[in-house]
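Worksheet for the structure shown next.
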Amino acid sequence: MPARPRYGQRGSRCPAGRIADVSQPRWAVVVPVKRLTAAKSRLRGALPGVPHEELALALAADTLRAVLACPTVAEVLVVTDDDRVAAATRAAGARVVPDEPDAGLNAAFRHGATSVPTGWVAGLTADLPALRPAELASALLAAQTGRAGVRRFVPDAPGGGTV
């Protein structure tokens with residue numbers, strides 16, 4: 001399979017066919033995904049007749065599709081030890097790194113971020129099936145304001161949590 005063109009390279013095309021704006025910083029997005037047998041345990045049995053692993057994989061795939069379609073994203077890096085997740089990730093055009101720390105979400109984010117050479121890095125959980133590329137682009141562009149090196153987060157709609 002030929003390598004997916006990287007957004008931000010001269011002449012690269014965004015998913016909608018537009019030429020990428022290389023004047024904007026490009027983002028690497030780290031998405032940790034647990035092994036499917038352990039992922040989204042609170043949703044176990046939520047959809048009768050749907051195997052739990054299929055539900056967890058569908059949530060991650062929806063999130064990954066939105067991130068890959070985001071015009072401000074140059075690279076998507078999935079941190080996982082699950083073979084099915086890794087195969088789906090590679091087939092979609094994202095990079096996979098093993099969850100070497102295997103020490104939870106924050107460790108997976110840190111590990112993924114160290115696998116990105118330089119530049120802006122965002123971390124997203126894999127359970128954002130309603131995420132839209134334009135919304136992600138707006139959030140990433142807003143995060144670029146202010147001082148470099150300062151961590152930022154996106155509050156949830158009610159303002160009491162993060163997403």
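Please treat every number below as a calculation from the coordinates, not as lab data. None of the values given here were measured: they were computed from a predicted structure. Every residue, glycine among them, receives a Cβ derived from its backbone with ideal geometry; neighbour counts consider all protein chains shown.
From the list 157, 103, 91, 143, exactly one residue is among the small types (Gly, Ala, Ser) and in contact with a strand residue (DSSP E or B) (Cβ under 8 Å, 6 or more places away or on another chain). Which is it?
Only one candidate qualifies: 143.
Just wondering, is there one or more residues in region 116-129 that are among the polar types (S, T, N, Q) and over 13 Å from the mean Cα position of the chain (by Cα)?
Among the residues of region 116-129, at least one is among the polar types (S, T, N, Q) and over 13 Å from the mean Cα position of the chain (by Cα), which makes the answer yes.
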